[in-house]
Amino acid sequence: MGDEIGEGSYRSAFAGRSSESEVVADIIWHLLGDSDAFVRWRAARSLKGMIDLGLTEDVEQLLDRFEVNENASLTSDSHHFAFLNSQQWLLMGIARAALHHGEELEALKPRLEALANRPDLHALNRLHLARCLAHIGSDGVASSQGTKLLSKIRTPPHGVIERNGWPDNKDRRIDFGFDYDFDKYKVSNLARLFCISHNEASDCIADAVMQRWPDATSMSDFPGGVRYRHGGDDRFETYRDHVQKHALLHAATALVKSRPVVRASYDSEDRNPWNEWLRENDVSFEDGSWLFDHKDSVPAQARQNLLGERKGSQETLVDDEVLFRKAGFPEVSEDGFLPLCGDWKSPDGVFVRFMSALIRERGAVGQCAKFSKTPEHDLWLPSFQSDGRVDRHAGKTPFNPLTWEPEKYPIGIDERDEWATRGAIARPRLGLALNKLLGLTPDDDERRWRDRANRLALKSEVWGEWRPDPDSHRSRYQDDGAILWAERDWLDEALKSCRQSLIFKLSFSKYKSSKSYDDSSGVRRLYVGLKRSGEAPRFWFAQKASKTVY
């Protein structure tokens, strides 16, 4: 697994000759503006591969092309070069390369500083430039120049004000038409961000288009009227889509320089809608990294086969003791960690899912035994909402939530790459109030959480990749997984101090085969577990909940 393009491709393509190097730079520059986001991502990812091979000067050649909007040798009647995308994705690629090779890119710093000082760049490009400068020549420590620029970009110069109601509607200054979906959603979002009328927002975007294309009267003047959708996603982008998108970014950049950002009075006081808007239009992590950089290797637990000896058409699981040990619940832990929640598919097709919640220490054994006798639709444990807070509308239950899985969008620049793991952007963790109560602080990518004494308390593992769907040759599925682990000694202390125990729901299931030639019946077993402070986990078989086999 490496960064495109491979070492052999680089060496044969460049071959130490500047003319060949320039040709390849032209090709990469155009690939960065391709209509297919997947192609753009691979071209941007190749920049780190270039630095891996010491080809820093060739990255400089790409910067030389920052203003190139056409290349006669790579144009055709049916292809229109989305050069504004090339600018953006070049900076995204350099930002990621700088994160890994800050010292090697020191020579690029003056040129990137000059770009960052240009007034004609929109906020998203300046955000990528700030990430570049934060890591170049910093030996792994963010530079003050880059961090100051990042802070400046994320802080609205005229602040955030509270305002309710609707702004006065104003007539259009410019008779300029946009595509329907863009006008309905993107223009409206921009209007809400600054509490201006829809017409005012439309005029600001039209101004940005006409500044570069003064003869344009509507988006119909640009090619790409019919959007090509593939698989129902927005992977493919027409030329006019790219024009509208960057005009929107320029309009927002101009507006934030002249007026405050607006939030409603019922919003949280610390809410920054400008930051949220930048995040919605960005597809990188805060430090410029991508999903590919944050995934973990597949843990031993997810590499275990869990099916036992088949009895005719009836599939079975291995014995309980072996099953729990393989899933991460051995009687004696060698690494000192206990899983709190997890979700994956074993190599032999068994879906494993478990989660935990808090239960009062007193009477926990009786409650777990009773809970294990409930039907599957009642065998439910609470978790926190997608914002990490308690769901006040949830029904009454004797258990309290422990974990949550954030929902973050967009997922990432490389979400469709075969090696990408979507879960890397939002790892499972404890609820917000619990983190505060226990004094837990995450590292930068939220892989590790430490307590007030700087002891490792929690760690998460997220892995996966896209695989061909065996039931549909045109489709792929995300074969991914995640486990949140707690250090056992820390967990025992935390449970004892709170006078709580952990209750688990563990599910192991394999669906009945859909193949006509395979008569396997599938298998399903659910368990209830209990972990008390200072004791090993114990389990009850949930017989009633395990009856249904899908």
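The structure shown yields Cα Rg over 2.2 N^0.38 Å, and of the options [x] 1.12; [y] 1.05; [z] 0.99 that calculated value carries the label [x]. Each helix, a run of at least 4 DSSP H residues, gives -39500 (n - 2.57); summed and divided by the residues of the chain, these come to -10000 deg cm²/dmol at 222 nm.
Starting from 0.36 nm per residue, how many nanometres of slack lie between Glu103 and Lys408 once their C-alpha separation is accounted for? Display every interim value, and only then the final one.
Working: separation 305, 0.36 × 305 = 109.80 nm, distance 3.17 nm.
Extending this stretch completely gives an extra 106.6 nm.
When a 1.4 Å probe is rolled over the protein heavy atoms, the share of accessible surface on the chain that falls to carbon and sulfur comes to 47 percent.
With every protein chain kept in the model, how would you rank Tyr527, Tyr266 by accessible area, 1.4 Å probe, largest at the top?
Reading off the accessible areas and sorting them downward yields Tyr266, Tyr527.
By the gyration tensor of its Cα atoms, with a ≥ b ≥ c the square roots of the eigenvalues, what is the shape of region 388-453: rounded for a/c under 1.5, prolate for a/b over b/c, or oblate? Provide the component values of the computation, followed by the final result.
Details: a/c = 3.13, a/b = 1.42, b/c = 2.21.
Oblate shape, in that a/c is at least 1.5 and b/c is the bigger or equal ratio.
With protein chains left intact and a 1.4 Å probe, residues in the chain average 50 Å² of accessible area per residue. Across region 56-63, coupling constants 3J(HN,Hα) worked out from phi with the 6.51/-1.76/1.60 Karplus curve, θ = phi - 60°, read 4, 4, 6, 5, 4, 5, 5, 5 Hz, and Gly and Pro carry x.
Any idea of Arg524's accessible area? Nearest 10 Å², probe 1.4 Å. Rounded to the nearest 10, that gives 30 Å². Between Ser144 and Ser386, the modelled label-to-label distance comes to 4.1 nm, taking each label 7 Å out from Cα in the direction of the beta carbon.
Only lysines eight or more places from Lys148 in sequence, or on another chain, were considered; those with a Cα closer than 26 Å are Lys48, Lys109, Lys257, Lys408.
Provide the gained length on full extension for the span Arg173 to His377, in nm with one decimal, where the gain is 0.36 nm per separating residue minus the Cα-Cα distance.
Working: separation 204, 0.36 × 204 = 73.44 nm, distance 5.86 nm.
Between Arg173 and His377, full extension yields an extra 67.6 nm.
The listed residues Glu286, Glu461, once ranked by accessible area (1.4 Å probe) with the largest placed first, stand as Glu286, Glu461. Taken over the C-alpha atoms, region 156-221 has Rg and Dmax values of 13.0, 39 angstrom.
Going by accessible surface with a 1.4 Å probe and the largest first, Cys132, Cys498, Cys195 read Cys498, Cys195, Cys132. Electrostatic bookkeeping for Glu361 treats Lys and Arg as +1 and Asp and Glu as -1; over the other residues with beta carbon under 15 Å from its beta carbon, the sum is +4. For the pair Ser265 and Cys498, what calculated FRET efficiency results from E = 1/(1 + (r/R0)^6), where r is the Cβ-Cβ distance and R0 = 30 Å, to the nearest 0.05? Using R0 = 30 Å, I get an efficiency of 0.25. Distance between the 7 Å Cα→Cβ label points at Ala114 and Arg303: 5.0 nm. A simple spin-label model places the labels of Ser313 and Leu53 5.6 nm from each other, with each point 7 Å out along Cα-to-Cβ. Treating r as the C-beta distance of Ser151 and Arg467 and R0 as 41 Å, the FRET efficiency rounds to 0.50. Across region 269-282, rounded Karplus estimates of 3J(HN,Hα) from the backbone phi angles (6.51 cos²θ - 1.76 cosθ + 1.60, θ = phi - 60°) give 5, 8, 6, 10, x, 5, 4, 4, 5, 4, 4, 5, 9, 9 Hz, Gly and Pro being marked x. A simple rule links phi to the HN-Hα coupling: the Karplus curve 6.51 cos²θ - 1.76 cosθ + 1.60 with θ = phi - 60°, which for region 466-480 gives 7, 10, x, 6, x, 9, 8, 5, 8, 10, 10, 9, 8, 8, 10 Hz, with x for Gly and Pro.
The values are calculated or read from the model by the stated rules, or taken from the named source; none is laboratory data. On a predicted model such as this, the values are computed, not experimentally measured, just so you know. In this analysis, Cβ positions are derived from the backbone assuming ideal geometry, glycine residues included, and neighbour counts consider all displayed protein chains. Just so you know, the surface numbers come from the protein's heavy atoms only, side chains and all, with ligands and any DNA or RNA stripped out. Shrake-Rupley method; radii C 1.70, N 1.55, O 1.52, S 1.80 Å.
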